[in-house]
Every structure is written in structure tokens, then in C-alpha cells.
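First up is the structure itself, then whatever we jot down about it.
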Amino acid sequence: MRRALAAAAILLAASGCRQARHPDPSLTIEEPEPLQSSIDATNPADEGQLLDGFHAPETAGWRWSAPQFTVSLGVPENLRGKEARIEFEFIVPEVAARDLEGLSITARVEDHEPPAWRSPGVGTHTAVFPVPAALLKEEGIIIDFTLDRFIPPRGGDTRRLGVIPKQFRLVPANTK
Amino acid sequence: MTRLDRRDALLILLAPAFVLWLDWHGLRSWFHQDDFAWMSLGRHIESFGDLWRALFAPAAQGTVRVLSERFFFLGLERLFGLDHRPFHLVVLATQFANLALLYWITLRLSGSRLVAAAAPLVWSAGVGLAVPLAWLSAYNQVLCAFCLLAAFACLLRWLETGRRAWFAAQFTLFLLGFGALEVAVVYPALATAWCWLERRSMPRALLWLWLASAAFAAAHMLLIPKPAVGIYARHWDLSMARSYGQYWSLALAGDLDPAHWPIPWMPRRVVAAACGLAVLAWLALAWRARNRLAVFGFVWFTAAIAPVLPLRDHVMDYYVAIPSIGTAWLAATALAAAWRRGWKAAAGVCLLAGLSLLYAGAAHRTTAGWRYKRGLQARYLFHALERAVDVHPGKLIAVSGIGNDLFWGAFADSRHLLPSRICLDPGEADAVALPAGFPSIAADICSTAELGEAARTGRLAAYRWEDRRLRAITRLYVHRLPREWLDLPPSGLDLADPAAARWLGSGWHEPEEGGRWMRLRAEATLAAPDGPGRRLSIHGYRPPETLDPPVRVTARVDGAEAGRILLDASNAAFHLEFPLPAPKPGARTLRVELEVDRALQVPGDRRELGVVVSRIAWQ
């Protein structure tokens, strides 16, 4: 009888063993809120706005883009409904001089595609693309960049390489 | 020899200790595959009828394993939630009982402690037990083994003492076996075989066992639908002989790929062939020497594997879990006989048995490890999905980056345990291979219409699976969504939502809490299905006191009757579900018409009232 009572007590106690669920926050990586209007491609804190088309960072922190890549930029309150421009700062390294000679870059925001920006060659450059006011009504925009030249897979590296992005910025149209 | 002493207690502990070592990973594996489906049964129980269906309605290829699957998962999930450890403890406790029973039976039948100690060890090392000890959905093998061994132990006591209580206990355990696994149907053959081997006669009381088995087999054949195609289709032909050979090969040498053979230059088939020939030789010797346990081992293996032999395209390692008790007796008796004949014979048998255990044991260990890893992946994915639902309550969760393995290992079934609709990005449907005979996975794939609607209304949360984590990609996902999807009609309507009115035709009253009343006829428009395999479901209600006589609800899709249901007091809250026809080329919309054959009259309310409809949706 005592054993039966003990067994019943264990079963009753067990009924309270159901654990409350507390999902671990680290199991998902949420999108950044709010979006930054200026992001640094080498800053891990801004990685959430490098949406697609970026290769893994190299040891020193910089990274290659693919021939097509996408970023999101926040639209600050002072830019809502006003004309602005996207500034894309990047590097064409010496090793890519021949492959990227005559490189043109396009940036598309929704259905708007301003004229392509042509790179002068090796070095650090800033491509600039105007954005009409009508596209800046929401909290952020998504920009699809396309390069018309890239470094094809070579040797053991199977990647298609674009440029080395440094910064993406959304600034007022009249910024000097 | 039936009384056990201290030596026996120590010898009994050998096999459990060995199991703990061999199955260390397997015994800690998390839920995966069908485990989620069994646990999700408990999420839909709101009435006695639901409970009855959860316990007894045929599922998973028409099986009704009330004890080993329904009670096991429903009960432990209710008590402990998604903590896998109590589940494994129950499995382990049952298997320890099995090992103790096998020791006792073997000691009783052989009179040798060597044989009695060896049999549980050989059984434990075999490949058959790897999955049942690592995958909770295969607990049916362990529990059925318990029922068969315990019933057989009772049979032996009944034959020894003649006491009816032992026969009754045997009969009860045998019947309980049906609640564990259909293989229990072979028990009368096992009991009869032993009686014949021991006494050259069959006690008439055993006819009761045969009667119960015949009744179960008849009910199973008549009441449970059998798949005609796919891996669970039955083939009553010569392929059964080939399957029988394959199972012997599995039991004797496992099923490892060449890359994992313990001795790289010795193929698995060579080990299986050598051990198979040795089994035949030993069987012939044992027959002549009247070694009944060895012969019974062969009978046990053959009888216990027989029910799965028609499954030509589904030869599985865990199907030899129960039959391998027979091979354990064969091996243990061979060892003891060789031991008595001298060191050369003992060395020969030890060499062969060692090879067999090496290959089968390696397969066992590899399988257990694979299950552990699969459970780990399932755990990461499930908890990440749980977190996503927590962060975005009520949103549609669209997931990409799930490969075929993870889809079947966790995604397909685990998502039903969470309160939100979670589905796979339609672009990844091709990455999932649908095994032959499996039902369509269309409902697991997000439809274009629901993605469009969720994106339009800001209720979409998109994630990409990246090794152990889900990364939110909603902005990019919405950005890349084809624009035409955003203009599609919805795939589902919540009738209580005033916004649903845009998609409703004639025949509806104003929305109320929980739905809206329809007249005798009503229409709604949904998006046309985006592919074959979609199912339309309609949820509704009518007060039970108004359902005498019953009321018929008929559903038509684009003018053709698609389903109907008769409502009475027992199913006043109804759920009508039926497959949708394949989409017509170019069709954007689907017209759903509902018709009720008798209106409800409410004093003071002049409206024509059919039924309350809460949701119409396809997935």
C-alpha cells in the first residue's frame, strides 16, 4: 500500500514537471530596427542591412561583393518625401584592374533605375545615384546594385567577385 | 532452473550496462520525424470525441498502436511537454525489463548461465535495437518485445505449474501487445512452436490465442485501409523470400556503407554470408542434438519477421529488433555448445560471432549517432521556429533554406506544434523529395496567395535557415516577391473580420464574434489554388439544439459539388475539408458556394439563418 501511495505521489508530482517555454533569443537573428541611413560594410553591427550578394568577410574584416548585391537603408525623418541620393563608396583593388576595367554600376530602387555610374578604374570611389522623393515615404528602401563586370572564378576560388564595398549612405540631394 | 540468485542479479546487469555504453548517444536524441506528429495529436483534443479519435483513429499507414504511440506520446507530452528525457526513461526502463526477461527465459530454457548472459548481450549489440532506443516513435518495437517476452515467460510458468493465473496473465500481455505493434499477432505461433518443441503437442488452451490473433488479423484486414502504392504497399510474391534474406543479412552483419566497415577489406556481405552458413550448420547440428532453444531461435526470427516481409520496398533495420531475439538465442546456444566441445570450436564460433557483432554493433552505433544528430538538428530548428512565432505572433512564417533531410526530420511535422502558420518558401518545394506513396506536401508549402496577402497586410515574417539559427529576411523577401502575388485574392477568409466582406458574395449577414451567419446559400471568392494537392477547409457552427433533425451543409467549388457534411448535435462545430481540383490554366479566383438545407428560426429575429461560418481557407 505504501509503495502504491509513493508511486501515486511521484506521478502527481510529475504532472507538475511540464516546463514553461522560454525560447532562446539567440536562435533567431532579427532584422535591425530601426534601419540606419548609413552603413559600413565592414561593421558587423550593420550586417543585417547587407541583405544579399555579399561574400563572407576576409580575415581583416573587409569583404567582396558579388556582381549583384542588395542593401537596405533607413530613411530618416528629415528625408521623408524629399529628394535624396545614394552614395556607395567602394574599392577597385589592383588585382581586379583588368577584370573591372570600364565597370558600370546601376542601383535600382523599386522600379526606379537612375543612369549607370561608370568607375574610373583602380582606387577608392563613391558612386552616386539620385532617388526621387516619391520613393522615400516609408521608413526604409531596398537597393539592388548590379555590376556589369566581375572577376570570374579563378584557381581554387569558385566565387564571382565584384568590388570591395565600404559604405552605403542615403543623404539629402543637396549634400556637398 | 527458475530461481535466481545473487550471481544472476549481477549477470542480468551486464546487458543494461552494455546498452548504456552502446546507445549513449541514441538514448539522448531529441524528438524528430513522426514524434512531432504523435505529440501534435494532443493539441486538438477539446472533447471526448476528439480524445477517442486521437487514441483510436487509424493513422500512419492505418496503424492503431494505442499503447506504444498514442498513450505514450499523449500522456508524456501532457505531463512533461517537450522534454525528451522522460520519454527515453520509459523506453530504457522497458528495454531493461526486456533484457531481464530474456535472461530469465533463456536460463529457464537452456539451464546455462553462459547462454542466459550471452543472449541479452547479443540482442543488445544487434542493429535492430539502435533505432527503437534512439527514435521515440519506434518505441512500439521495445514495448511489443516486452509484451511478447512477458507473455512467453508466463507461458513457461503456466506449462510448469498448470496454474490458470499464468495463462490469464499470458493472454492479457498478448492482447496488450496489439496495442504496441501488429507483430504481436505472431505470438500464438511462437507459443505453439515452443510447446511442440518441448512436448510434441499443443495444449488446447492455446487455441484462445489463435482465436484472438485471427480476430485481430481479420479486423485489421477489413477495417484498416491499406496503401495500394508506395513503400507501404504489400507485395505477396517471391520478393518476400528476398526480403527474408535481406533481414537475415541485416541481423547478422548490419547495413553499413563500405566507408564505415570496421575491417575495410572485408565486405559486409562476406560477413553476412559466413555467419549465415554458420547459422545453417548450427541449426542442423542443434536439430540433431535436440537443442530446442537454438531451433526455437530460428522459429522466433522467422515468425517475428514474417508480418513485414510483404513490405518489399520498406526493408528497415528496426524491423529486426524483435526477430533478433531469435538470432541472440542461436548465437548464445552456439557459443555454449562450442565451449563444451573444446577450444578450437570455441575459437571458431567466437571468431564468427565476433565478426557479426563487430559489423552489426558498428552499424548500431552509427545509426544511434545519426539519430542523435538528426534530433539535434530538429531541436535547433523547432526552438528557432518557436522563437520566430514568439517574436511575430499571428504572422505567417515563411521559411527557406530547409533541405530535404531537415524538412522530413523536423519541419514537416514539428510546425504543427506551434500556434502560427509556418510554411516552406514555394521556391524550395523542388528541394524536397516526396517518397512514393506519401501524401502530398502541398500544405507544407506557402501558397502564392497567402504570401501575397500576408505581405500586403504586413503579416509576413520570412526567415532563412542558417546552421542552427533562423535569420530574418522579411524585407528582402517582400522586396523579391513577384508583384502580381500582391494582387491575388486571399487563400483564406476569417469571416468575423469585417475586411473579409470584400471577398464575400451574396448570402452573408454582418460579422459577429467568431464568424458570421450565412443565409441558406452564400458565396465567397478565394484565390485559385497555385498547384495540385491543395485542400479547402471550412469551419463553422450551429447551436446543437437546432440540429434535430440534422442539417446538411453542401460546399461547391466553381459550381461543382466538392463536399458535404451532415450536422447533428454531436458535431455542431463542424470542419469540412476536401481536396481542391487542379487549378485551371490562367484562373485567378475560386468561387466557393455553401448551401444549408434548413434554416434556423429564432423568435424575434427575422433573418434567414443557415450556419455560422468562421473560416474558409485552402492550404
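The values are calculated or read from the model by the stated rules, or taken from the named source; none is laboratory data. If you're wondering where the values come from, they're calculated on a predicted model, not measured in any experiment. Methodologically, a virtual Cβ is constructed for each residue, glycine included, from the backbone with ideal geometry; neighbour enumeration extends over all protein chains shown.
Counting only strands (runs of 3 or more DSSP E) that fall entirely inside the stretch B:424-537 and contain at least 2 residues that are of a type in the set (Gly, Ala, Ser), the qualifying elements are B:460-466, B:521-527. The condition of being in contact with a strand residue (DSSP E or B) (Cβ under 9 Å, 6 or more places away or on another chain), at pLDDT below 95, in a strand (DSSP E or B) and at negative phi does not hold for residue A:86. Condition first: assigned to a helix (DSSP H, G or I), of a type in the set (A, V, I, L, M) and within 30 Å of the chain's Cα centre (by Cα). Now tell me which residues in the stretch B:296-348 satisfy that. Correct list: B:299, B:303, B:304, B:305, B:306, B:308, B:320, B:325, B:328. For the stretch B:100-116, residues that are surrounded by fewer than 22 Cβ atoms within 10 Å (Cβ to Cβ) and within 15 Å of residue B:17 (Cα to Cα) total 1.
Can you name every residue in the stretch A:120-139 that is in contact with a helix residue (DSSP H, G or I) (Cβ under 7 Å, 6 or more places away or on another chain) and crowded, with 19+ Cβ neighbours inside 10 Å? Residue satisfying the conditions is A:136 alone. Here residue A:138 fulfils each of the conditions (1) within 14 Å of chain B (Cβ to nearest Cβ); (2) assigned to a strand (DSSP E or B) apart from (2). Checked against (1) over 23 Å from residue B:294 (Cα atoms); (2) over 24 Å from the mean Cα position of the chain (by Cα), residue B:153 passes all but condition (1).
Output the residues belonging to the stretch B:465-519 that are touching a helix residue (DSSP H, G or I) at 6+ places or on another chain (Cβ under 6 Å), within 14 Å of chain A (Cβ to nearest Cβ) and of a type in the set (Phe, Trp, Tyr). None - no residue of the stretch B:465-519 is touching a helix residue (DSSP H, G or I) at 6+ places or on another chain (Cβ under 6 Å), within 14 Å of chain A (Cβ to nearest Cβ) and of a type in the set (Phe, Trp, Tyr), so the list stays empty.
None of B:536, B:580, B:567 is in contact with an Asp or Glu (Cβ under 8 Å, 6 or more places away or on another chain) and modelled with pLDDT of 85 or more except B:536.
Considering only residues in the stretch B:77-99 that are within 15 Å of residue B:23 (Cα to Cα) and over 18 Å from the mean Cα position of the chain (by Cα), the one that is farthest from the other protein chains (Cβ to nearest Cβ) turns out to be B:99. Residues in the stretch A:50-59 that are in a loop (DSSP other than H, G, I, E, B) and within 14 Å of chain B (Cβ to nearest Cβ): A:56 alone. Summed over the stretch B:388-411, residues that are within 14 Å of another protein chain (Cβ to nearest Cβ) and either hydrophobic (A, V, I, L, M, F, W, C) or farther than 24 Å from residue B:371 by Cα (or both) total 11. The condition (being more than 22 Å from residue B:578 (Cα to Cα) and touching a strand residue (DSSP E or B) at 6+ places or on another chain (Cβ under 7 Å)) is satisfied by just one residue among B:514, B:540: B:514. Of the residues B:598, B:606, the single one that is surrounded by fewer than 16 Cβ atoms within 10 Å (Cβ to Cβ) and assigned to a loop (DSSP other than H, G, I, E, B) is B:598.
Does residue A:118 fit the bill of being within 30 Å of residue A:33 (Cα to Cα) and in contact with a Ser or Thr (Cβ under 8 Å, 6 or more places away or on another chain)? When the stated conditions are applied, residue A:118 does not pass them. Here residue B:393 fits the description: more than 28 Å from the chain's Cα centre (by Cα) and of a type outside the set (Gly, Ala, Ser). Contact map, the stretch A:60-74: residues that are within 14 Å of chain B (Cβ to nearest Cβ) and more than 17 Å from residue A:96 (Cα to Cα) paired with residues that are of a type in the set (Asp, Glu) and part of a strand (DSSP E or B), Cβ distance under 9 Å, separation 6+ or inter-chain. Pairs shown: A:69/A:52; A:69/A:144; A:70/A:52; A:70/A:144; A:71/A:52; A:71/A:144. Residue selection: residue B:462 satisfies the criterion of being within 14 Å of chain A (Cβ to nearest Cβ), buried (at least 22 other Cβ atoms within 10 Å of the Cβ), touching a helix residue (DSSP H, G or I) at 6+ places or on another chain (Cβ under 6 Å) and not hydroxyl-bearing (Ser, Thr, Tyr).
Between B:264, B:225, which is in contact (Cβ under 8 Å) with a residue 12 or more places away in the chain and loosely packed, with under 13 Cβ neighbours inside 10 Å? Testing whether each residue is in contact (Cβ under 8 Å) with a residue 12 or more places away in the chain and loosely packed, with under 13 Cβ neighbours inside 10 Å leaves just B:225. Taking the stretch B:383-411 as the range and being farther than 25 Å from residue B:22 by Cβ and free of Cβ contacts under 8 Å to residues at least 40 places away in the same chain as the test, the residues that pass are B:383, B:386, B:389, B:390, B:393, B:403, B:404, B:407, B:411.
Scanning the stretch B:107-154 for residues being more than 23 Å from residue B:75 (Cα to Cα), part of a helix (DSSP H, G or I) and among the polar types (S, T, N, Q) gives a total of 2.
Taking the criterion of being of a type in the set (Gly, Ala, Ser) and either without any contact (Cβ under 8 Å) to a residue 40 or more places away in the chain or part of a helix (DSSP H, G or I) (or both), the residues of the stretch B:169-204 that qualify are B:169, B:177, B:184, B:189, B:191, B:193, B:201. The criterion of being closer than 29 Å to residue B:231 by Cα and within 14 Å of chain A (Cβ to nearest Cβ) holds for residue B:74. Could you tell me whether residue B:159 is surrounded by fewer than 20 Cβ atoms within 10 Å (Cβ to Cβ), touching a residue at least 40 places away in the same chain (Cβ under 8 Å) and part of a helix (DSSP H, G or I)? It is true that residue B:159 is surrounded by fewer than 20 Cβ atoms within 10 Å (Cβ to Cβ), touching a residue at least 40 places away in the same chain (Cβ under 8 Å) and part of a helix (DSSP H, G or I). A single entry from B:64, B:142, B:131, B:127 fulfils the requirement of being under 17 Å from residue B:323 (Cβ atoms), touching a Lys or Arg at 6+ places or on another chain (Cβ under 9 Å) and either away from every other protein chain (no Cβ under 14 Å) or crowded, with 22+ Cβ neighbours inside 10 Å (or both): B:131.
Considering (1) under 21 Å from the mean Cα position of the chain (by Cα); (2) of a type outside the set (A, V, I, L, M, F, W, C); (3) assigned to a helix (DSSP H, G or I), the lone condition that residue B:230 does not fulfil carries the number (3).
Considering the stretch A:24-49, and only residues there that are within 16 Å of residue A:90 (Cα to Cα) and touching a residue at least 24 places away in the same chain (Cβ under 8 Å), the residue that is nearest to the other protein chains (Cβ to nearest Cβ) turns out to be A:39.
Of the listed requirements (1) surrounded by 15 or more Cβ atoms within 10 Å (Cβ to Cβ); (2) at pLDDT below 95, residue B:47 misses just one: (1). Could you tell me whether any residue of the stretch B:457-466 is within 30 Å of residue B:375 (Cα to Cα) and among the acidic types (Asp, Glu)? Yes, the stretch B:457-466 contains a residue that is within 30 Å of residue B:375 (Cα to Cα) and among the acidic types (Asp, Glu).
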